[in-house]
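*Asks:* The structure under discussion is supplied below as structure tokens; questions concerning it will follow.
The values are calculated or read from the model by the stated rules, or taken from the named source; none is laboratory data. Predicted model only: the values in this text are computed from it and were never measured. Note that each Cβ is placed from the backbone with ideal geometry, even for glycine, and that neighbours are counted across all protein chains shown.
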Amino acid sequence: MKVVTAALHRDSNQVDLWLTLGRIQDARHRQESRMDAYRRVLVLKPQSAEAKLGLAQAFFDIHRLDSAVVYARALLAIGSGVRATAYYLLGRVHEQRGALDSAVVYYRSAWYALPGEPLP
């Protein structure tokens, strides 16, 4: 982590380093630092699917479900390659809220968003 932060001190516009810092902070369970890193990515690259996914998952982890939904839906809106993960996260949010019928719909959407031919 010291190498990443030192590199960011030299050049704070490195999107890949901010993403790496977000993943490191996630592994260390440092949610606020994780979210700060992903927010910085969105300042530099507003359509970053990885940053939006990182924020969606971070907000889910700290039980801020409305914010998790905002970022998961943003992933769907940009048509990123993480649609299945976004649908799955939306399913988890609905399951947490006790809306099991809605959760099943999102889980099914996640299944169908996977590459290849899903089973009927």
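*Asks:* Please verify whether ALA58 is within 21 Å of LEU8 (Cβ to Cβ), assigned to a helix (DSSP H, G or I), aliphatic (A, V, I, L, M) and assigned by TED's automatic domain parsing to the domain that holds ASP11, treating the condition exactly as stated.
*Replies:* no
*Asks:* Is it the case, given these coordinates, that HIS63 is assigned to a loop (DSSP other than H, G, I, E, B) and in the same structural domain as LEU8 (by TED's automatic domain parsing)?
*Replies:* no
*Asks:* If you don't mind, another one. Please enumerate the residues belonging to region 14-33 that are assigned to a loop (DSSP other than H, G, I, E, B) and either surrounded by fewer than 11 Cβ atoms within 10 Å (Cβ to Cβ) or at pLDDT below 85 (or both).
*Replies:* HIS29 - this is the single residue of region 14-33 that is assigned to a loop (DSSP other than H, G, I, E, B) and either surrounded by fewer than 11 Cβ atoms within 10 Å (Cβ to Cβ) or at pLDDT below 85 (or both).
*Asks:* Name the residue, out of LEU53, LEU42, LEU21, that is touching a Ser or Thr at 6+ places or on another chain (Cβ under 8 Å) and in contact (Cβ under 8 Å) with a residue 24 or more places away in the chain.
*Replies:* Selected residue: LEU53, the only one of LEU53, LEU42, LEU21 that is touching a Ser or Thr at 6+ places or on another chain (Cβ under 8 Å) and in contact (Cβ under 8 Å) with a residue 24 or more places away in the chain.
*Asks:* Tell me which residues, restricted to region 70-96, are surrounded by fewer than 18 Cβ atoms within 10 Å (Cβ to Cβ) and assigned to a helix (DSSP H, G or I).
*Replies:* VAL70, ARG73, LEU76, ALA77, ALA84, GLU95, GLN96, listed by residue number.
*Asks:* Check region 91-107 and report whether any residue there is out of contact with any Pro (no Cβ under 8 Å at 6 or more places or on another chain), of a type in the set (A, V, I, L, M), at pLDDT 95 or above and within 23 Å of ARG34 (Cα to Cα).
*Replies:* The answer is yes; a qualifying residue exists.
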